[in-house]
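Here the structure is laid out as structure tokens; the discussion comes afterwards.
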Amino acid sequence: MKIYLDHCAYNRPFDDQNNVKIQLETTAKLYIQNQIKDGKYDLVWSYMSDFENNDNPNIENKESIQQWENIAKYKCKSSKTILNRGKQIEQLKIKPKDALHISCAIESECTYFITTDDGLTKRQVAGIKAINPIDFVRTMEEKNDE
């Protein structure tokens, strides 16, 4: 199964951990990353991942996140199809960068778009399931129990 993590998901472990929700999202995100390393899921990295990570002002965080490009089994490059779909996704009141991330995930045939952005999980886009890391882990555990 192919999955896509957006930049806010990659950054979650670096956020202030005093909030319980952030702690749980961090734990779930790190768990997902371990499963990626174990080969349970195929990670997709995109040109948008590079773009956003290059803007990261914290060098240590930036370098930690960038390592995931080498772990990813698939790389998504920019294309007219992605850009056009991104413009359509923006019409759903989704920010341009987020719309392009989602478009990359759809173009790469990902099953899930994992994000800690509640606004994105509330605005579902045809062709992809936007899901919080906690809900992703719960969903996968339920499927394993079946």
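From the list Asn70, Asn58, the lone residue that is out of contact with any helix residue (DSSP H, G or I) (no Cβ under 6 Å at 6 or more places or on another chain) and modelled with pLDDT under 95 is Asn58. Filtering the stretch 69-91 to residues that are touching a Phe, Trp or Tyr at 6+ places or on another chain (Cβ under 8 Å), surrounded by 13 or more Cβ atoms within 10 Å (Cβ to Cβ), free of Cβ contacts under 8 Å to residues at least 60 places away in the same chain and not acidic (Asp, Glu) leaves Ala72, Lys75, Cys76, Ser78.
Among the conditions (1) of a type outside the set (Asp, Glu); (2) modelled with pLDDT under 95; (3) in contact with a strand residue (DSSP E or B) (Cβ under 6 Å, 6 or more places away or on another chain), the only one that Val44 does not satisfy is (2). Under the condition of being within 15 Å of the chain's Cα centre (by Cα) and either over 22 Å from Lys95 (Cα atoms) or assigned to a helix (DSSP H, G or I) (or both), the residues counted in the stretch 35-64 number 12. Pro133 meets the conditions (1) at pLDDT below 95; (2) more than 17 Å from Met48 (Cβ to Cβ) in every case but one. The failed one is (1).
The values are calculated or read from the model by the stated rules, or taken from the named source; none is laboratory data. Keep in mind it's a predicted model, so treat the numbers as computed, not measured. Note that we place each Cβ from the backbone using ideal geometry, even for glycine, and neighbour counts take in every protein chain shown.
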